[in-house]
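The values are calculated or read from the model by the stated rules, or taken from the named source; none is laboratory data. Computed from a predicted model, the values in this text were never measured in an experiment. For neighbour counting, all protein chains shown are included, and Cβ atoms are generated from backbone atoms with ideal geometry for every residue, glycine included.
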Amino acid sequence: MNQTKKIIYIASFAFLGVLLTTALHGLLEMLYIRLLTSDFQNYSLGFSWSQWFEIHKYFSIVLLIAGIVLGYQQGKHWWNVIYVQKRYG
């Protein structure tokens, strides 16, 4: 039972990490696309639209992996603090 609880706890943190990085991705994308559509010459950094689509694809993958990894690490950390060391309150 305790092992199942630990797996669910850590997996939930990993899922939370994915949710947070997805929200961050959406916010950054909305802001930067607004800049690109308002003045592409100044904000494109010399990239074309097709290159921006490629950047978006790889950036999305990096953020997804970062969310999973950071969420997993935080899940393990807080499991240890709360359930092993019993440092809470």
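Give me the residue from the range 1-54 that is under 26 Å from Gln73 (Cβ atoms) and β-branched (Val, Ile, Thr) and, out of that set, farthest from the chain's Cα centre (by Cα).
From the range 1-54, those under 26 Å from Gln73 (Cβ atoms) are 1-29; that's our starting set.
Subsequent filtering for residues that are β-branched (Val, Ile, Thr) retains 4, 7-8, 10, 18, 21-22.
Details: Thr4: 25, Ile7: 20, Ile8: 19, Ile10: 16, Val18: 5, Thr21: 2, Thr22: 6 Å.
It comes out as Thr4.
All but one of (1) assigned to a loop (DSSP other than H, G, I, E, B); (2) touching a residue at least 12 places away in the same chain (Cβ under 8 Å) hold for His25, so report the exception by its number.
(1)
Please go through the range 61-89 and pick out each residue that is at pLDDT 95 or above and hydroxyl-bearing (Ser, Thr, Tyr).
Selection gives Tyr72 alone.
Please go through the range 32-89 and pick out each residue that is small (Gly, Ala, Ser), in a helix (DSSP H, G or I) and surrounded by fewer than 11 Cβ atoms within 10 Å (Cβ to Cβ).
Start the filter on the range 32-89 by keeping residues that are small (Gly, Ala, Ser), which leaves 38, 44, 46, 48, 50, 60, 66-67, 71, 75, 89.
Narrowing further to those that are in a helix (DSSP H, G or I): 38, 50, 60, 66-67, 71, 75.
Residues satisfying the conditions are Ser38, Ser50.
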